[in-house]
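Got a structure here, written out as structure tokens. Questions coming.
The values are calculated or read from the model by the stated rules, or taken from the named source; none is laboratory data. These numbers were taken from a predicted model, which means no experiment stands behind them. Cβ placement follows ideal geometry from the backbone for every residue including glycine, while neighbour counts extend to all protein chains displayed.
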Amino acid sequence: MSPRRRGDLAARAAAVTAHAIPDPATPTTRASATRAPRTRPVRITVDLAPLAHRELRAWCADAAVRLEVPTVPAADVVRVLVDLVAHDPDLADRVRAALADRLG
């Protein structure tokens, strides 16, 4: 990855983090304090390499057999993974290390 691309990704990540975690030193404005929380799901799109997509499909098929259900949708796997990363510090550390290897 080029240094420019890495810098662009770092800037984008910082911008997302800045919007996701409010600064306690910054007072909230009346408009943001009265806005209703979002209740509708947020759609994301992920482009996977063909091999990664095949591996995900195979994992879902295996999980369906082990769980004795007809199918395990990939979207459900992603939802569970997001929840696990958000609430399991050890897993979150492993994901950050893998990202550092991939992005570094």
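Within the set of pairs 6 or more residues apart or between chains, which connect a residue that is in a loop (DSSP other than H, G, I, E, B) inside the range 42-60 to a residue that is at pLDDT 95 or above and of a type in the set (A, V, I, L, M) with Cβ atoms less than 9 Å apart?
44/78; 46/78; 48/56
Could you list all residues from the range 62-74 that are assigned to a helix (DSSP H, G or I) and surrounded by 12 or more Cβ atoms within 10 Å (Cβ to Cβ)? Working first, answer last.
To start, the set of residues in the range 62-74 that are assigned to a helix (DSSP H, G or I) comprises 62-67, 74.
Of everything in the range 62-74, those that are assigned to a helix (DSSP H, G or I) and surrounded by 12 or more Cβ atoms within 10 Å (Cβ to Cβ) turn out to be 63, 64, 74.
Determine whether residue 55 is loosely packed, with under 10 Cβ neighbours inside 10 Å and modelled with pLDDT of 95 or more.
Working: loosely packed, with under 10 Cβ neighbours inside 10 Å: no; modelled with pLDDT of 95 or more: yes.
The answer is no for residue 55.
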